[in-house]
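The structure is given below, and queries will be raised subsequently.
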Amino acid sequence: MLTARGWWVLILAGVVTLLGVVVVAGWTASVAAFGLGLLGWFSFEWALFAFRRRATVNKLELTRTLIQGRRVVPVAWANRPCRVRVSIRNASRVWLPFVVFDDRLPPRMAVQSGSPRAAVSLAPGASCEIEYELDPKRPGLLRFEGVSVRLSDLCGWFYHRRFLREPAEFLVLPPLQSVEGKRRGAKRANTLPPPGIHRIRRAGSGDELLDLRDYVAGDPPKMIAWKASARRDRLITKEFENDVPVRCAVFLDASQGVRVPVAGYKPVEQLAGIGAALSQAAVKNRDLVGLTVFDDTATQMTPAKRTSTHVIRLLRSYAEAAALLPDRPQTDLDVLTATALPLANDIYPDLMTRDVNSRPWRLYWRPLLDTKWGWLFFLLWLGPICCFLPPVLNLVMQFVLSFGIVGIGVLFLSFWVITISVQIFWLIWWGHGLRGFLPGNRRKVRRRKQLGLVYATLDGSGPLAVERAIHDDGFFRDRTNRFLTEHRVPLPVHLLDPHGTFRFPGDAKAGVLSDAILRSVGRARDNELFVILADLMHLGSTRSKVIRAVRLATARHHRVLVVVPWPEGVPDPPAAGAPLPRIARDDEPAAIVSLVERAVLAAYHKAFADLRAELSRAGATLIKVNPDDAVRLVLEKLDRLRGVRARR
Amino acid sequence: MTKNHEPTIFELVRDPAIRTAAFVTAACGLVAFGALFLFRGPVAAGIPTAFAVYALLLRAVWPVGVYIISVAFLLFMPDGTPITLGSQTTFMVRNGGFALSDMMLVAAVLTYVIAQYRFLGLTRQALPFDADSSFGRKDGAVRRPATLQADREVKWLVGSAVAAMAFGQLVWYVLAHVQFDFLLTLPLRWVPDYGRDFEGISIGPALNRFVLLALAGMVAAGTGRLVFWYWGLLRLSREEAVATVTDAGWHEARRELATQEKRRGAAKAEADRRGLLTEQLEGAP
């Protein structure tokens, strides 16, 4: 609670008081009076601060609202600034002369205007407001943990920090694509059908002539093509094209591979943004849109509809998918601990203090007999001495009595041997025990104990969980991963394993995706548009499953578009025969950079070319999307594809 | 309060509220200078004031500590040398308290010291840095906004200084007039008048004052600690209460739990080695 400044004042006041009372009192009482006065003032300030701290800290009430478009909203829209308003009320009866509030921002968020900090003097019943502006660029989730409270006295001698934990989560929905949506509704050419109606080359009740065929008994007379019948001298029936609304089935990849942030954003955010724009544009065209979100293990399907409520539901699904974090556990315990400990200190300072979360010295002691070899040592070294001590002493005593001076020498020798043995045992005992006090081990045990108690408190799992966090690496790793995921703290994720292989190839998701496509094909009616928003570049042999499913879909006259996210900084695939482009970087040796990047780029471009070729053979189209591609461009590409197919 | 920007002295001076605080601090320093000059002479007034000016103009913290030390030293030896120092007397010990000059001096110096620390909170740093948090970027120092100053602060400052001075004089009077007498049931007695012999078993006067002071300090600190500890228990939040109970339980059973966990870990390693199912050994307790 004392600051460095406070400690200095206390030490100075103590020294002056001691000198005045003990040493110089016989000459003058002024020094003692001065020291005692300073000490009295310091003690009074200390007591006053302790009183204020205890009286007020648990009596601060926090209210948070999110404002967008001048309205309080439960969810936010991406690409539109929103204001966060935090109100803190002092519900106690004590005046706080100086308190600093800091609202903890969601990860990867920066303040656009305003300040998340307020330094105020708070009277009883008074409120303080913090207001600032955020601009969420991508869909996802905004998680606010609460507000940090820092109390101090006017002189800066005393200090206390707490955290008002009021977790609040706000979904950030993909932006409403009103401009793109309206533009989609306009006909691009007269050959296109009116919005919402798409021609299908199957017999139906549309307006466009599809074919002529021989009359079959039962055909309605109005369908008879009289001129053609007259020319061929037999009855010919007209067949018209089928006019149906296109059902658009979107498949969104939310697997582990696309949840990993690359260059500051997650590919799933980009895919979700594109999917949201696509869905809105399709609904504006009066198409039905369904969504299937899949990951490495399961799918979540939303049936196709075209109501506005359905659009909002889809947007929520996109936002929830974009908010997912990679749950592939981080295995490096040092990284986990180094990330979790500051977080716990920030958010749970009340559970990290020594009063609550003790760290006794004996915590670091390593008992020898907790190890197998310790028992072995004990039994082999000290056991025989203890067992054979009485008979040996008996023999020695008999020897002493028989041989006089020589016997006494043997007696001393025996005691010396026994004493040395015991001392060696104690030396090893102490040496083993004190190893726990070495800085590395001490730091590790202390951090695990602190975090273990926080976990046990949050889970209500009792003291055993504390001890398990100290000793069980697996338990500590899993719980710390969960702790960080709950608080949405991004962890550094290793993309490659120790063998240099990509850790998120997504082979599992290939099976899930192909199953989802096959299910959709089974449920499909007329021609449908399947849009697969997925990273299929790293699929290995399992890619064939997806290709087979796509081939089946196209065989059933559905159209399939595959959109893959293109990593930032990777140049576009070159034209055939052109040299590979280079990534411009000048901070590493040119030869190595050139060699490595050429190999990586070549592999990536080859994977893309292979995928495009395979999909083309299956009748599907592949589109790559760069991070800075506007959604409008993607829609242009999609629309062009749809238009071409429709005119065919 | 500013962030990531250390204001210069000129920027601070342009702020009217800070200017007022600076004038108040300077006035307090001037009063202390006058009192020291009046009762202890020019040397005793000049040296501490030089540090006070340094602390005020350059917003430095350390000169305030030196000011306190130098004032204490020069109260004892006003010209800085032991030449004028006479011999120590018991009379001074017993009758040195509540001298008007001392009361004025101490009140003035205390007022300045507190005012200077408050001024440093406005212009240099009011909150310490959080050393244990690596998430928060190391912003600039957090200062108390000068606009938060209330008018009553100056009145309270002077009043509190007078109260602290009176407290010091009172404690000194008690220390100088109470003596241990180990023959009594309550081993304390009032010191007899000057010139009368003390009958009883006691300790030397200096040690007597020291032990009294230490005992009083311990009693005051212990009582305060006890009161605030109990009050803190009453004010625990739910999570703090759970953590406290869990920690106490961990203290009670730590050795047994550690042994249990180590054996469980060994069994788990053995099961892993043999490729056996270890679900029962996994997960939370």
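The values are calculated or read from the model by the stated rules, or taken from the named source; none is laboratory data. Only a predicted model underlies this, so the values are computations on that prediction, with no experimental measurement involved. When we count neighbours, we look across all protein chains shown, and the Cβ atoms used for this are built from the backbone with ideal geometry, even at glycine.
Under 8 Å by Cβ, and 6 or more places apart or on different chains, what pairs join a residue from the stretch B:108-123 that is under 14 Å from A:G40 (Cβ atoms) and at the interface with chain A (Cβ under 7 Å from one of its Cβ atoms) with one that is of a type in the set (G, A, S) and crowded, with 24+ Cβ neighbours inside 10 Å?
What qualifies is B:V109/B:A32; B:L110/A:G37; B:L110/B:A164.
The rows are residues; the columns are (1) small (G, A, S); (2) over 15 Å from B:G41 (Cα atoms).
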residue: B:L56; (1), (2): no, yes
residue: B:R59; (1), (2): no, yes
residue: B:A72; (1), (2): yes, no
residue: B:F76; (1), (2): no, no
residue: B:T89; (1), (2): no, yes
residue: B:M92; (1), (2): no, yes
residue: B:F98; (1), (2): no, yes
residue: B:D102; (1), (2): no, no
residue: B:L105; (1), (2): no, no
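Would you point out the residue of the stretch A:88-104, among those that are at the interface with chain B (Cβ under 10 Å from one of its Cβ atoms) and within 17 Å of A:T63 (Cα to Cα), that is surrounded by the most Cβ atoms within 10 Å (Cβ to Cβ)?
So, considering only residues that are at the interface with chain B (Cβ under 10 Å from one of its Cβ atoms) and within 17 Å of A:T63 (Cα to Cα), the one surrounded by the most Cβ atoms within 10 Å (Cβ to Cβ) is A:D102.
Then there is this: Looking at the structure I just gave you, is A:G440 closer than 24 Å to B:A258 by Cβ and of a type outside the set (K, R)?
yes
A follow-up question, please. (1) under 18 Å from the mean Cα position of the chain (by Cα); (2) crowded, with 17+ Cβ neighbours inside 10 Å; (3) under 26 Å from A:S514 (Cα atoms): which one isn't true of A:T339, the others all being true?
(3)
Output the residues belonging to the stretch A:5-37 that are under 52 Å from the mean Cα position of the chain (by Cα), farther than 30 Å from A:F163 by Cβ and touching a residue at least 12 places away in the same chain (Cβ under 8 Å).
A:L12, A:A13, A:G14
Continuing with this model, one more query. Here are some residues: B:V174, B:V162, B:V158. Which one is at pLDDT 85 or above and either facing chain A (nearest Cβ under 7 Å) or closer than 30 Å to B:G204 by Cα (or both)?
B:V174
Could you look through the stretch B:92-104, keep only residues that are part of a helix (DSSP H, G or I) and at the interface with chain A (Cβ under 9 Å from one of its Cβ atoms), and pick out the one that is modelled with the highest pLDDT?
Per the stated criteria, the residue is B:M103.
Follow-up question, since we're still on this one. For the stretch B:221-250, enumerate the residues that are facing chain A (nearest Cβ under 7 Å) and of a type outside the set (V, I, T).
Within the stretch B:221-250, B:G224, B:F228, B:W231, B:G232, B:R235, B:S237, B:E239, B:E240, B:A243, B:D247, B:G249, B:W250 qualify.
Specify the residue that is nearest to the other protein chains (Cβ to nearest Cβ); the eligible residues are those in the stretch A:109-151 that are among the basic types (K, R) and not in a loop (DSSP other than H, G, I, E, B).
A:R150
When the residues of the stretch B:35-49 are narrowed to those that are surrounded by 15 or more Cβ atoms within 10 Å (Cβ to Cβ) and aliphatic (A, V, I, L, M), which ends up farthest from B:P63 (Cα to Cα)?
B:A35
Within the stretch A:533-549, take every residue that is of a type outside the set (S, T, Y) and over 24 Å from the mean Cα position of the chain (by Cα) and give me the one that is surrounded by the fewest Cβ atoms within 10 Å (Cβ to Cβ).
Out of the qualifying residues, it is A:G540.
Ok, one more. Just give me the residues in the stretch A:463-473 being within 7 Å of another protein chain (Cβ to nearest Cβ) and of a type outside the set (V, I, T), in sequence order. Explain how you work it out, then say what you get.
Step one: filter the stretch A:463-473 for residues within 7 Å of another protein chain (Cβ to nearest Cβ), giving A:463-468, A:471-472.
Matches in the stretch A:463-473: A:P463, A:L464, A:A465, A:E467, A:R468, A:H471, A:D472.
Yes/no matrix, rows are residues, columns are (1) at pLDDT 85 or above; (2) within 14 Å of chain B (Cβ to nearest Cβ):
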position: A:S421; (1), (2): no, no
position: A:F437; (1), (2): yes, no
position: A:S461; (1), (2): yes, yes
position: A:F475; (1), (2): yes, yes
position: A:V489; (1), (2): yes, yes
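To continue, here is another question. So, in the stretch B:74-90, how many residues would count as being out of contact with any Lys or Arg (no Cβ under 7 Å at 6 or more places or on another chain), more than 9 Å from chain A (Cβ to nearest Cβ) and in contact (Cβ under 8 Å) with a residue 12 or more places away in the chain?
Adding up the residues that qualify gives 2.
Please verify whether the stretch B:8-23 includes one or more residues that are touching a residue at least 12 places away in the same chain (Cβ under 8 Å), in a loop (DSSP other than H, G, I, E, B) and in contact with a helix residue (DSSP H, G or I) (Cβ under 7 Å, 6 or more places away or on another chain).
yes
Is it the case that the stretch A:630-646 has a residue that's of a type in the set (V, I, T) and modelled with pLDDT of 70 or more? Step through it out loud before you land on a result.
Within the stretch A:630-646, the subset of a type in the set (V, I, T) is A:631, A:634, A:644.
Narrowing further to those that are modelled with pLDDT of 70 or more: none.
No: the stretch A:630-646 contains no residue that is of a type in the set (V, I, T) and modelled with pLDDT of 70 or more.
In the set A:L19, A:L38, A:L2, A:L12, which member is surrounded by fewer than 22 Cβ atoms within 10 Å (Cβ to Cβ) and closer than 22 Å to B:L36 by Cβ?
Of A:L19, A:L38, A:L2, A:L12, the one residue that is surrounded by fewer than 22 Cβ atoms within 10 Å (Cβ to Cβ) and closer than 22 Å to B:L36 by Cβ is A:L19.
Among (1) crowded, with 21+ Cβ neighbours inside 10 Å; (2) closer than 21 Å to B:W156 by Cβ; (3) in contact with a Pro (Cβ under 9 Å, 6 or more places away or on another chain), where does B:C28 come up short?
Only one criterion in (1) crowded, with 21+ Cβ neighbours inside 10 Å; (2) closer than 21 Å to B:W156 by Cβ; (3) in contact with a Pro (Cβ under 9 Å, 6 or more places away or on another chain) is unmet by B:C28, namely (3).
Restricting attention to the stretch B:145-155, and to residues there that are facing another protein chain (nearest Cβ under 8 Å) and either assigned to a helix (DSSP H, G or I) or within 17 Å of B:A206 (Cα to Cα) (or both), which single residue is farthest from the chain's Cα centre (by Cα)?
B:L148
Going through the stretch A:1-18 one residue at a time, which ones are assigned to a helix (DSSP H, G or I) and more than 7 Å from chain B (Cβ to nearest Cβ)? First the steps, then the outcome.
First, the residues of the stretch A:1-18 that are assigned to a helix (DSSP H, G or I): A:4-18.
Hits for the stretch A:1-18 are A:G6, A:W7, A:V9, A:L10, A:I11, A:A13, A:G14, A:V15, A:T17, A:L18.
Here's a follow-up. Considering each residue of the stretch A:366-382, count those that are surrounded by 14 or more Cβ atoms within 10 Å (Cβ to Cβ) and within 12 Å of another protein chain (Cβ to nearest Cβ), and give that number.
Selection size over the stretch A:366-382: 5.
Of all the helices (runs of 4 or more DSSP H) wholly in the stretch A:463-554, which have at least 2 residues that are over 26 Å from B:D272 (Cα atoms) and of a type outside the set (V, I, T)?
Those helices (runs of 4 or more DSSP H) span A:473-486, A:507-523.
Of A:L324, A:L363, A:L333, A:L393, which residue is surrounded by 12 or more Cβ atoms within 10 Å (Cβ to Cβ), over 29 Å from A:R161 (Cβ atoms), touching a residue at least 60 places away in the same chain (Cβ under 8 Å) and of a type outside the set (D, E, K, R)? Walk me through it before giving the result.
Values: A:L363 fails: over 29 Å from A:R161 (Cβ atoms); A:L333 fails: over 29 Å from A:R161 (Cβ atoms); A:L393 fails: touching a residue at least 60 places away in the same chain (Cβ under 8 Å).
Unique residue meeting the criteria: A:L324.
So, restricting to helices (runs of 4 or more DSSP H) that lie completely within the stretch A:347-420, which ones have at least 1 residues that are of a type in the set (D, E)?
Where helices (runs of 4 or more DSSP H) fall fully within the stretch A:347-420 and carry at least 1 residues being of a type in the set (D, E), they are A:349-352.
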